[in-house]
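One structure is given here, and the rest of the page talks about it.
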Amino acid sequence: MSSTSQKHRNFVAEPMADKPVTALAGIGDVLGGRLEEKGFDKAYVVLGQFLVLKKDEELFLDWMKEACGANSKQAKDCANCLKEWCDSFL
């Protein structure tokens with residue numbers, strides 16, 4: 001498995017609670033702003049979309065690209081972050 005960012009490690013180390021969408025790996029201020037404009041203001045709302053898509057990485061990557069213009073790396077970083085969080089907490 002590829003190495004993960006400190007942001008990824010911090011996110012998956014604890015319950016999600018009320019973390020902002022920008023706490024997710026791969027989501028910075030620009031993508032976070034675009035997601036917030038579409039109602040995805042918290043990390044748990046993006047998690048909800050990930051779960052609605054049945055944790056299907058390919059569908060989630062497509063959704064991320066369409067919803068906020070994420071590139072492949074950003075979308076994959078976010079998907080991996082959510083997947084690892086789910087594996088630990090669900």
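The values are calculated or read from the model by the stated rules, or taken from the named source; none is laboratory data. Keep in mind that this is a model prediction, so the values were computed, not measured. Neighbour counts are summed over all protein chains in view; Cβ atoms, including those assigned to glycine, are modelled from backbone coordinates with ideal geometry. The area values use the complete protein model at the heavy-atom level, side chains included, leaving out ligands, DNA and RNA. Shrake-Rupley method; radii C 1.70, N 1.55, O 1.52, S 1.80 Å.
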Fill in the blank from the handout: Of (1) open to solvent by 50 Å² or more (accessible area, probe 1.4 Å); (2) at pLDDT below 95, residue 12 fails just (1)
Handout entry: Any hit, region 46-58, residues being under 13 Å from the mean Cα position of the chain (by Cα) and either of a type in the set (Ser, Thr, Tyr) or farther than 17 Å from residue 75 by Cβ (or both)
Key = no
Exercise for the section: Tally the residues that are free of Cβ contacts under 8 Å to residues at least 12 places away in the same chain and either out of contact with any Leu (no Cβ under 9 Å at 6 or more places or on another chain) or part of a helix (DSSP H, G or I) (or both), restricting the search to region 52-61. Expected result: 5
Handout entry: Complete set of residues in region 68-83 that are touching a residue at least 24 places away in the same chain (Cβ under 8 Å) and surrounded by fewer than 18 Cβ atoms within 10 Å (Cβ to Cβ)
Key = 69, 73, 83
Practice task
Give region 1-32 a look and list any residue that's under 10 Å from the mean Cα position of the chain (by Cα) and part of a loop (DSSP other than H, G, I, E, B), or say none.
Solution key: 24, 25, 26, 27
Completion exercise
Counted residues in region 62-90 being aliphatic (A, V, I, L, M), part of a helix (DSSP H, G or I) and farther than 16 Å from residue 9 by Cα come to 3
Practice task
Scan (1) open to solvent by less than 70 Å² (accessible area, probe 1.4 Å); (2) in a loop (DSSP other than H, G, I, E, B); (3) touching a residue at least 12 places away in the same chain (Cβ under 8 Å) for the single condition residue 39 breaks and write down its number.
Solution key: (3)
